[in-house]
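Visitor: Here's a structure for you.
The values are calculated or read from the model by the stated rules, or taken from the named source; none is laboratory data. Since this is a predicted model, take the numbers as computed values, not measurements. Using ideal geometry, Cβ is built from the backbone for each residue, glycine included, and neighbour counts are taken over all protein chains shown. Calculation scope for accessible area: heavy atoms of the full protein, side chains included, ligands and nucleic acids excluded. Shrake-Rupley method; radii C 1.70, N 1.55, O 1.52, S 1.80 Å.
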Amino acid sequence: AKALGHPEDARRFEREYADFRATFIALLDKVSAKQGGAVPPSLDAGDWKGTDWGNLLSVTPEAILNPFDPRVTATLQNTQARYQEGITTYAEPDDGVFLHHYLTIKNTLTELVRGEQHQAIRELYAELLHTSSTHTGFEYAIRPWGSRDFEGNIAPHGWFAADYRNLLRNMMVREEGDSLHLFSAVSPEWVGVGKKIRVTGAPTCFGKLSFTLEMPATDTALIHIESSFDHPPSEVVVHIPWFLAAHGATADGAPVKIVNGAIHLPAGVRELRIEWTPLSSPQMNYERTVTSY
């Protein structure tokens, strides 16, 4: 409505949204209080509250609640406590509990926004553990620690493919308001001398972007950025992997600050140089995950 020059329609829609949100949040507060502070699957009364789904979407793809709202934290903790084999479970009345493959990714996407990198990578490998020989996914019907038979729920599943691609994309590049975030979570397996992470021609809300991370030495990282923004973001935020401690950084030769594990850059920066050292050497990769299983 704003883009088409209808300000009165825009104001009407905004009033309607504000009215709906106020009603919804009041009900949410009431039912969340009865669920230990977590967001339940539905607002309905009765013994059966439904199964986790929309309640995992309060932060992504659109922030309805603050990422660190206590209800978001409680919901993550509640669902993670019910993980089996590293991924979410899915309950049905009178039919018990199943593994659910791509539902896990809704939590992982929220963890990227919250900066919970380690948990996000744990879930990435748990997802990969449950893919086929060609890394396709399923929906549910597999019993935890069972035969891995998805019965009549035929794989490969399209929504797994979509959500998995979305997860990989957001790990590398994602929008958050007017800012653009790079490397929200990377595996320790991908970073090291002689290794390279490369993203080419990624479409974003601001325009296209390509970037590369490489390490010419054990204590140095170089990130090269090429952008063709239609309308530049207010900043580009580069996240430091949780297993590395950054000691200093320069952007196009000028010193820049490292704040809470992230570097905030102007949109036009072309080269970022980071001096860092390992905090730990977590052994996280696909082969180790399969062996552990």
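Visitor: Among (1) within 26 Å of residue 204 (Cβ to Cβ); (2) of a type outside the set (Ser, Thr, Tyr); (3) at pLDDT 95 or above; (4) open to solvent by 30 Å² or more (accessible area, probe 1.4 Å), there is one condition residue 105 misses while meeting the rest; what is its number?
Guide: (4)
Visitor: Taking the range 162-186 as the region of interest, how many residues are in contact with a helix residue (DSSP H, G or I) (Cβ under 9 Å, 6 or more places away or on another chain) and free of Cβ contacts under 8 Å to residues at least 24 places away in the same chain?
Guide: Residues flagged as in contact with a helix residue (DSSP H, G or I) (Cβ under 9 Å, 6 or more places away or on another chain) and free of Cβ contacts under 8 Å to residues at least 24 places away in the same chain within the range 162-186 amount to 1.
Visitor: Another question, if that's okay. Any idea which of 56, 27, 65, 43 is open to solvent by 70 Å² or more (accessible area, probe 1.4 Å) and either within 28 Å of residue 111 (Cβ to Cβ) or touching a residue at least 24 places away in the same chain (Cβ under 8 Å) (or both)?
Guide: The unique qualifying residue is 27.
Visitor: Which is in contact with a Leu (Cβ under 8 Å, 6 or more places away or on another chain), of a type in the set (A, V, I, L, M, F, W, C) and not in a helix (DSSP H, G or I), of 109, 43, 65?
Guide: Details: 109 fails: not in a helix (DSSP H, G or I); 65 fails: in contact with a Leu (Cβ under 8 Å, 6 or more places away or on another chain).
Residue meeting the stated conditions: 43.
Visitor: For the range 3-20, how many residues are open to solvent by less than 80 Å² (accessible area, probe 1.4 Å) and within 20 Å of residue 64 (Cα to Cα)?
Guide: So the count comes out to 2.
Visitor: Another question, then. Within the range 268-287, can you find the residues that are closer than 30 Å to residue 206 by Cβ, out of contact with any His (no Cβ under 6 Å at 6 or more places or on another chain) and either open to solvent by 20 Å² or more (accessible area, probe 1.4 Å) or of a type in the set (Asp, Glu) (or both)?
Guide: Of everything in the range 268-287, those that are closer than 30 Å to residue 206 by Cβ, out of contact with any His (no Cβ under 6 Å at 6 or more places or on another chain) and either open to solvent by 20 Å² or more (accessible area, probe 1.4 Å) or of a type in the set (Asp, Glu) (or both) turn out to be 268, 270, 273.
Visitor: Anything in the range 112-161 that is outside any helix (DSSP H, G or I), more than 20 Å from residue 80 (Cβ to Cβ) and touching a residue at least 40 places away in the same chain (Cβ under 8 Å)? List them, or say none.
Guide: 141, 157
Visitor: Additional query: Considering 23, 73, 51, which residue is in a helix (DSSP H, G or I) and more than 29 Å from residue 205 (Cα to Cα)?
Guide: 23
Visitor: Looking at the structure I just gave you, is residue 99 farther than 21 Å from residue 171 by Cα and open to solvent by less than 10 Å² (accessible area, probe 1.4 Å)?
Guide: On the way: farther than 21 Å from residue 171 by Cα: yes; open to solvent by less than 10 Å² (accessible area, probe 1.4 Å): yes.
Taking the combined requirement at face value, the residue satisfies it.
Visitor: Looking at the range 76-88 only, could you name the residues that are surrounded by fewer than 22 Cβ atoms within 10 Å (Cβ to Cβ) and within 20 Å of residue 35 (Cα to Cα)?
Guide: 76, 77, 78, 79, 80, 81, 82, 83
Visitor: Given 33, 1, which one is modelled with pLDDT under 95 and hydrophobic (A, V, I, L, M, F, W, C)?
Guide: One residue alone meets the criteria, 33.
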